[in-house]
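Enquirer: Here you go, one structure.
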Amino acid sequence: MGTITNSKPSWSLALPYIKLKICDDGSEALQLAHEETPVVLDLASDLLVFYLVDEGSYFSYLNNGNLYRQGVSAEDLHVVAIENLLALARS
């Protein structure tokens, strides 16, 4: 299972993780500060993209604080994650 981390996983190693958006009753189950929330891209058709880094024995979700501390935009992260996925698929 992945973890949400405040450490410094390298965003340059990120991979996209696509999940189906689950409809809920609107209540929040867990409230986190913005810097602790995972970076997420809301795609059409109820799909969400999260960004993970392979830490060897587990995956870490990249959160907004990771990007802020490393001076990276969510758009740059997405581009790099897609490039990493393509490289992984070709290997």
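Enquirer: Taking only the range 30-69 into account, find how many residues are over 19 Å from LEU85 (Cβ atoms), in a helix (DSSP H, G or I) and either of a type outside the set (Gly, Ala, Ser) or without any contact (Cβ under 8 Å) to a residue 40 or more places away in the chain (or both).
Expert: 6
Enquirer: Right, here's the next one. Just a yes or no: is a residue in the range 47-66 within 10 Å of the chain's Cα centre (by Cα) and of a type in the set (Gly, Ala, Ser)?
Expert: Among the residues of the range 47-66, at least one is within 10 Å of the chain's Cα centre (by Cα) and of a type in the set (Gly, Ala, Ser), which makes the answer yes.
Enquirer: Report, by residue number, each residue of the range 45-69 that is of a type outside the set (Phe, Trp, Tyr), within 22 Å of LEU20 (Cα to Cα) and surrounded by 15 or more Cβ atoms within 10 Å (Cβ to Cβ). Lay out the reasoning, then the answer.
Expert: From the range 45-69, those of a type outside the set (Phe, Trp, Tyr) are 45-49, 52-57, 60, 62-67, 69; that's our starting set.
From the residues that got through so far, the ones that are within 22 Å of LEU20 (Cα to Cα) too are 45-49, 52-54, 60, 62-64.
LEU48, VAL49, LEU52, VAL53, SER60, LEU62, ASN63, ASN64 - these are the residues of the range 45-69 that are of a type outside the set (Phe, Trp, Tyr), within 22 Å of LEU20 (Cα to Cα) and surrounded by 15 or more Cβ atoms within 10 Å (Cβ to Cβ).
Enquirer: How about the range 70-88: which of its residues are in contact (Cβ under 8 Å) with a residue 60 or more places away in the chain and either outside any helix (DSSP H, G or I) or under 19 Å from ILE22 (Cα atoms) (or both)?
Expert: Of everything in the range 70-88, just one residue is in contact (Cβ under 8 Å) with a residue 60 or more places away in the chain and either outside any helix (DSSP H, G or I) or under 19 Å from ILE22 (Cα atoms) (or both), namely VAL72.
Enquirer: Taking the range 17-29 on its own, how many of its residues are basic (Lys, Arg), at pLDDT 90 or above and either surrounded by 15 or more Cβ atoms within 10 Å (Cβ to Cβ) or not in a strand (DSSP E or B) (or both)?
Expert: Number of matching residues: 0.
The values are calculated or read from the model by the stated rules, or taken from the named source; none is laboratory data. Source: prediction; values computed, not measured. For neighbour counting, all protein chains shown are included, and Cβ atoms are generated from backbone atoms with ideal geometry for every residue, glycine included.
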